[in-house]
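The values are calculated or read from the model by the stated rules, or taken from the named source; none is laboratory data. Since this is a predicted model, take the numbers as computed values, not measurements. All Cβ positions, glycine included, derive from the backbone under ideal geometry; neighbour counts span all protein chains shown. Surface accessibility is based on the protein's heavy atoms, side chains included, excluding ligands, DNA and RNA. Shrake-Rupley method; radii C 1.70, N 1.55, O 1.52, S 1.80 Å.
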Amino acid sequence: MKYGAIRPLVVAGSPEAIGAAHGAARAAGIRQYADERLAIVAAGEWSGGEIDMDRIGELAESMIPAHAGYSEELTAEMAAMADAAGLSLGEAIVVGGFTDFVDTVRGQLGAPPEEDDCTAVIAPGPATADGRAILGQTWDMHDSATRHVLMLDLRPDSGPAALVFTTEGCLGQMGMNEAGLAIGINNLAAQIGTLGVTWPFVVRRALQQASLDDAIDCVLEAELAGAHNYMLVDGEGRGVNIEAMPQATQVTPVETGPFLHTNHTLAAATTAFQAVRPTGLMESSQRRLERGQELIGSGPVTPERVMEMTRDAEAVCQTSQAPYHIESCGGIVMRPATGELWAVWGRPDMNEYQHFALSAV
């Protein structure tokens, strides 16, 4: 499907003001998205087994203390967003942290995962044409999520401004701040999800930092609900990849690269806690990894080459099909040294990247 320019939403001020502005501006879409995601969880389409709405609510509400303990500011923002949109705080956790929440549900049910999303690349300074690090990826999700894509233009009272690719009701999925930090993600599947912190909180807290080391600490300090792979680069050309399970993490500096990652673990420490995935989904993840390496692996990396990788219809750019109905809902390419970000709404092979800019660092 063809989409236009990605929709911007400028939000500024205190955490409560930012959340209230987000919730009020996108209230109808947030409620629709929440209903869609709650129904997916209840039906077991991603969590591997049916679960009733009352139990979903109990699980989500029991995760609030972990979020508050990790970041009071982001919890206040999420609460204000939820209130303005007419959601409970538990529903806000589900709509924003859906892929971690299904890890939590699966931990209760002992069921296999049904998720397979995102292909990403880190190109540190030595791997790029001009010595400036690049981070890019597709964002793959259930196909109904595409209509909810937004670009948050965050202008907080304290801390760096940031551009954040996200969806209605989600605090942040991937993005770049004016201090010269960029963060992206790949979904992973945990054997045992917990009543912990969902990944959008980790992304947003990392974007509140002014150094790569502090952003890495934000990932490592989180008592995680589910599994994700976090990819970070900075304006000095450094890159790092972090595979993070609730029970183990693996930090890998990316010093030469480029470094590709999809939806299966590459390190023994985290593989020990990875859920066994259906054969078709594992094959998709491996195929996208190999295809991405083929497309990016030779020659200096540029933003244009990363965009072309995300458009690859052979493997990387996913098209919705039964039984999982996963598609590439968008894509992003970030170069923090120049404060430049390119983002696309909808499948990258059918839609155009749009240029955004923060102040160069």
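The table for this structure:
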item: Residues of the range 316-339 satisfying the condition of being of a type outside the set (Ser, Thr, Tyr), assigned to a loop (DSSP other than H, G, I, E, B), within 20 Å of the chain's Cα centre (by Cα) and closer than 17 Å to ASP143 by Cα; result: VAL316, CYS317, GLN318, HIS325
item: Of residues in the range 232-244 being surrounded by fewer than 24 Cβ atoms within 10 Å (Cβ to Cβ) and among the aliphatic types (A, V, I, L, M), the one farthest from the chain's Cα centre (by Cα); result: VAL240
item: The range 259-276, residues that are more than 19 Å from TRP139 (Cβ to Cβ), part of a loop (DSSP other than H, G, I, E, B) and touching a residue at least 24 places away in the same chain (Cβ under 8 Å); result: THR265, ALA267, ALA272, PHE273, ALA275, VAL276
item: Sole residue being open to solvent by 20 Å² or more (accessible area, probe 1.4 Å) and at pLDDT 95 or above, chosen from GLN247, GLN191; result: GLN247
item: Answer from VAL301, VAL316, VAL251, VAL306 - the residue that is within 14 Å of CYS118 (Cα to Cα) and touching a strand residue (DSSP E or B) at 6+ places or on another chain (Cβ under 6 Å); result: VAL306
item: Residue match in the range 32-42 (condition: open to solvent by 10 Å² or more (accessible area, probe 1.4 Å) and in contact with a Gly (Cβ under 6 Å, 6 or more places away or on another chain)); result: no
item: Residue that is most open to solvent (accessible area, probe 1.4 Å) [pool: residues in the range 43-59 that are under 18 Å from GLY226 (Cβ atoms) and in a loop (DSSP other than H, G, I, E, B)]; result: GLU45
item: Output for the range 21-78, where each listed residue is more than 14 Å from GLY90 (Cα to Cα) and in contact with a Ser or Thr (Cβ under 6 Å, 6 or more places away or on another chain); result: GLU36
item: Answer from THR252, THR256, THR194 - the residue that is hydroxyl-bearing (Ser, Thr, Tyr), without any contact (Cβ under 8 Å) to a residue 24 or more places away in the chain and over 27 Å from ARG26 (Cα atoms); result: THR252
item: Residue count, the range 323-340 (criterion: acidic (Asp, Glu) and at pLDDT 95 or above); result: 1
item: Residue in the range 65-78 that is closer than 15 Å to ARG106 by Cα, in a helix (DSSP H, G or I), open to solvent by less than 20 Å² (accessible area, probe 1.4 Å) and in contact (Cβ under 8 Å) with a residue 40 or more places away in the chain present; result: no
item: Qualifying residues in the range 270-300 (those that are of a type in the set (D, E, K, R) and open to solvent by less than 80 Å² (accessible area, probe 1.4 Å)) - the one nearest to LEU220 (Cα to Cα); result: ARG277
item: Complete set of residues in the range 242-258 that are farther than 19 Å from THR99 by Cα and either in a strand (DSSP E or B) or out of contact with any Pro (no Cβ under 9 Å at 6 or more places or on another chain) (or both); result: GLN250, VAL251, THR252, PRO253, VAL254
item: Selection from the range 301-322 of residues that are open to solvent by less than 50 Å² (accessible area, probe 1.4 Å) and either over 17 Å from ALA133 (Cβ atoms) or among the polar types (S, T, N, Q) (or both); result: THR302, THR310, ASP312, ALA315, VAL316, CYS317, GLN318, SER320
item: Residues of the range 172-186 satisfying the condition of being open to solvent by less than 10 Å² (accessible area, probe 1.4 Å) and either touching a residue at least 60 places away in the same chain (Cβ under 8 Å) or hydroxyl-bearing (Ser, Thr, Tyr) (or both); result: MET174, GLY175, MET176, ASN177, GLY180, LEU181, ALA182, GLY184, ILE185, ASN186
item: Residue in the range 99-106 that is over 21 Å from the mean Cα position of the chain (by Cα) and either open to solvent by less than 10 Å² (accessible area, probe 1.4 Å) or modelled with pLDDT of 95 or more (or both) present; result: no
item: The lone exception for ALA129 - which of (1) modelled with pLDDT under 95; (2) open to solvent by 30 Å² or more (accessible area, probe 1.4 Å); (3) closer than 24 Å to GLY193 by Cα it fails; result: (3)
